[in-house]
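Here's the structure, in structure tokens; my notes come after.
The values are calculated or read from the model by the stated rules, or taken from the named source; none is laboratory data. Note that the coordinates shown come from a computational prediction; the quantities given were computed from them, not determined experimentally. Cβ coordinates were reconstructed from backbone atoms using ideal geometry, including for glycine residues, and neighbour counts include every protein chain displayed.
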4 protein chains.
Amino acid sequence: MVPDLPSTPVGYQIRNPDFAEEVERVFYQAPFVRHLDFELVSFEAGRCESRVLLQAQHLQQDGYVHAGVQATLADHTAGTAAATLLSEGQIILTAEFKVNLLRAAKGEQLYCRSWVLKPGRQLIIAESELFCLAGEKAELVSKATVTLAVVDKR
Amino acid sequence: MVPDLPSTPVGYQIRNPDFAEEVERVFYQAPFVRHLDFELVSFEAGRCESRVLLQAQHLQQDGYVHAGVQATLADHTAGTAAATLLSEGQIILTAEFKVNLLRAAKGEQLYCRSWVLKPGRQLIIAESELFCLAGEKAELVSKATVTLAVVDKR
Amino acid sequence: MVPDLPSTPVGYQIRNPDFAEEVERVFYQAPFVRHLDFELVSFEAGRCESRVLLQAQHLQQDGYVHAGVQATLADHTAGTAAATLLSEGQIILTAEFKVNLLRAAKGEQLYCRSWVLKPGRQLIIAESELFCLAGEKAELVSKATVTLAVVDKR
Amino acid sequence: MVPDLPSTPVGYQIRNPDFAEEVERVFYQAPFVRHLDFELVSFEAGRCESRVLLQAQHLQQDGYVHAGVQATLADHTAGTAAATLLSEGQIILTAEFKVNLLRAAKGEQLYCRSWVLKPGRQLIIAESELFCLAGEKAELVSKATVTLAVVDKR
């Protein structure tokens, strides 16, 4: 008998009453993220979506999106998904991440959706999927797993 | 507007008419897999499920399932999911994998489901989710991403 | 000018006066490790070496060492290297690891050396190199990076 | 007896007589790399060193180097190390990478050294170490493992 297996967990608990302001702040505050023109699309407890309209500066020599842009969007969006679950006075630091580049990434927009796989007190594990949007078509171009440390702000 | 994003790809193509026999052979042929008493539960194009009934030999000192057992089941089941897509005369070799241990793993059974995320000619990327089953309860205990090389048998 | 870069850190501090007994206990205590016949070769602060004399049970169908055996030895030896740095009453849990299988692994012995790359209060990062020994020849067959959580025993 | 284990392989073979021009071209050609002001420091068969002088645009909100900058420099320098070993008409694509952020990264300069761990015909595995330089001090801040695919240019 194939057992009844849970899909990605839902029903995450929000601990910070000002989480929405805090999450927006976390997303846009990093100068590097503004330098890359990333945009926050939406978020809720344990999830975040973001995107970047692709310009020449995001590309490799061959016109495809640079792996570094993909890795940065995957990491930053996963960190923001984790940040939705923080208590006041806590911050998120990336401990490690792994990204698989699945196909050559080309299009007008790179779109990321991230969700928390395991919310822990000290470590939060999140995943990110990156899609290239070209016209009506959305194609999965990379997948990342991110380990985030929950740290008390000093 | 949030775009319409594809979920995990489906509709994989089977290339080897004898794929079912071949997949069973691939799963059980490794002496290490038999040494660990792994069982093939089911498979179809691009997917595989497997399990192991937990015994003392699979555990750590504290009674939880050893990370090595989880990694081995995740890798082997991902490899079998990839093997469903091979042409005759090809074999699968693991190039690399990463596994996140999400929680202490305890129960009667460790259950794995794996699916191909990207079927390539030279590389196949697959994911594995591992669940511990205890009574009626199934809990996600780890998640792995596996990069597999497609190689011509000599 | 090329700067003077530090190589792998040394001079780790031992915190537990009984660390030697504790490390031996940690290495051999897991039933799964005994089931696989792993042997502790040597250890010091922040480092550990181990091995396994290869038998049929460790192999894949083609006679090469199974990726799961390599992953398990890499993880377990990295965990033991980390355990040399614990204070009394602490234990090590693997949070995640990644292993690259570099070549087909064949020989009489699989040998692992692991070292701590970053000793943290909550997370210890270690690396493992695995060699296959065949006669006089030692060949690097895989490389792993392991993130370990330091946890208080209850 | 502790065996005599090889350290990181050396003596890699150069296949492209114009490899030096090609490597410089590969490093600087990507618009994203120029957007981030990365600099090629030195290279030889199987190795590459690079750096970036840190400016506000490379940072997170807290003044530390953004994980995405570190990941991008680690990936790009590993890819350039791999590119030293190509034959004419081949290019390098990143298949996947993993990076561990070891400490908060602060300083005037982020410096990367990368080397090939395994040169294969289809896959090249490389490692990158990233250091923050502050005054006379160089500190290891992250470590990456990169899997690169060797592809024929069309």
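Taking segment B:88-103 as the search range and keeping residues that are within 7 Å of chain C (Cβ to nearest Cβ) and not hydrophobic (A, V, I, L, M, F, W, C), which one is nearest to B:Ile14 (Cα to Cα)?
B:Thr94
Of the conditions (1) surrounded by fewer than 21 Cβ atoms within 10 Å (Cβ to Cβ); (2) in contact with a Leu (Cβ under 7 Å, 6 or more places away or on another chain); (3) not small (Gly, Ala, Ser), B:Gln55 clears all except one; give me its number.
The number of the failed condition is (2).
Any residue in segment B:45-72 that is more than 9 Å from every other protein chain (Cβ to nearest Cβ) sitting within a Cβ distance under 9 Å of a residue that is part of a strand (DSSP E or B) and of a type in the set (Phe, Trp, Tyr)? List the pairs, counting only those 6 or more apart or interchain.
B:Gly46/B:Trp115; B:Arg47/B:Trp115; B:Cys48/B:Trp115; B:Ser50/B:Phe43; B:Ser50/B:Tyr111; B:Val52/B:Tyr111
Do we have A:Gly11 as small (Gly, Ala, Ser), farther than 13 Å from A:Thr72 by Cα and either touching a helix residue (DSSP H, G or I) at 6+ places or on another chain (Cβ under 9 Å) or at pLDDT 95 or above (or both) here?
no
Give me the residue from segment A:132-146 that is touching a Ser or Thr at 6+ places or on another chain (Cβ under 9 Å) and within 7 Å of chain B (Cβ to nearest Cβ) and, out of that set, surrounded by the fewest Cβ atoms within 10 Å (Cβ to Cβ).
If we take residues in segment A:132-146 being touching a Ser or Thr at 6+ places or on another chain (Cβ under 9 Å) and within 7 Å of chain B (Cβ to nearest Cβ), then A:Leu140 is surrounded by the fewest Cβ atoms within 10 Å (Cβ to Cβ).
Could you check segment D:104-119 and list, in sequence order, the residues that are facing another protein chain (nearest Cβ under 9 Å) and at pLDDT 95 or above?
Within segment D:104-119, D:Gln109, D:Tyr111, D:Arg113, D:Leu117, D:Lys118 qualify.
In segment D:9-43, which residue that is among the charged types (D, E, K, R), in a helix (DSSP H, G or I) and within 13 Å of chain A (Cβ to nearest Cβ) is surrounded by the most Cβ atoms within 10 Å (Cβ to Cβ)?
Top of the filtered list is D:Glu22.
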